[in-house]
Amino acid sequence: MNELQVIQNMIYEVRGQQVMLDSDLAQLYQVETRALNQAVKRNIERFPEDFMFQLTDGEWAVISSQFVMTSRSKRPKSALPFAFTEHGILMLSSVLRSEVAIEASIKITRAFVAMRSLLLQSAIPMKLSELEMEIKNLRSEINDILSDQNDINEDTQAQLTAINQALAELSVSRRTEDKPRRPVGFIRHNAS
């Protein structure tokens, strides 16, 4: 496994973001996790929540159960790890200011870029083909609806024409009838 893959294996998705944990970063920067976190706390204004956040118990349990991590046994139970986004990792290299930190930051940035590139290459063609298929399906459905509507309009028009013709014929036949009509109702017969 090359160095880039090792770093990519340390990148997790938490809260919809790709992050690295403080212990993994400390390992790459060749410092103790405690020292890394102290440097962050001394410069906390450089690490807003979109750069760094502390994991919850649940998030930490999920990550540590999915992956074999020796760092969980080394970390005190009360201390939850910090997760750093790509921007937080870049800021971290400026806080640590060592040659190792600079080199590690470059490698980490390349790992993030490679992952993003891989995701884009695999996701975009799939999304475009799905979108094209959806557009084709929608066009077909619209054409079917328009065709059905035209058929209904033609049928309705034919029925309305037939009704109007029948009404016209009835109207004409009533006018031409000169026969006296029989009264409607009961007829009384005289008893003689």
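The values are calculated or read from the model by the stated rules, or taken from the named source; none is laboratory data. What you are looking at is a predicted structure, and each value in this text was computed from that prediction instead of being measured. Please note: Cβ atoms are built from the backbone with ideal geometry, for glycine as well, and neighbour counts cover all protein chains shown.
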> Within region 50-66, is even one residue out of contact with any Leu (no Cβ under 7 Å at 6 or more places or on another chain), surrounded by 11 or more Cβ atoms within 10 Å (Cβ to Cβ) and modelled with pLDDT under 80?
Replying inline: no
> Within region 14-65, which residues are more than 14 Å from Met91 (Cα to Cα) and β-branched (Val, Ile, Thr)?
Replying inline: Val14, Val31, Thr33, Thr56, Val62, Ile63
> Which residue, of Leu90, Leu36, Leu25, is within 18 Å of Gln8 (Cβ to Cβ), modelled with pLDDT of 90 or more, part of a helix (DSSP H, G or I) and not hydroxyl-bearing (Ser, Thr, Tyr)?
Replying inline: Leu25
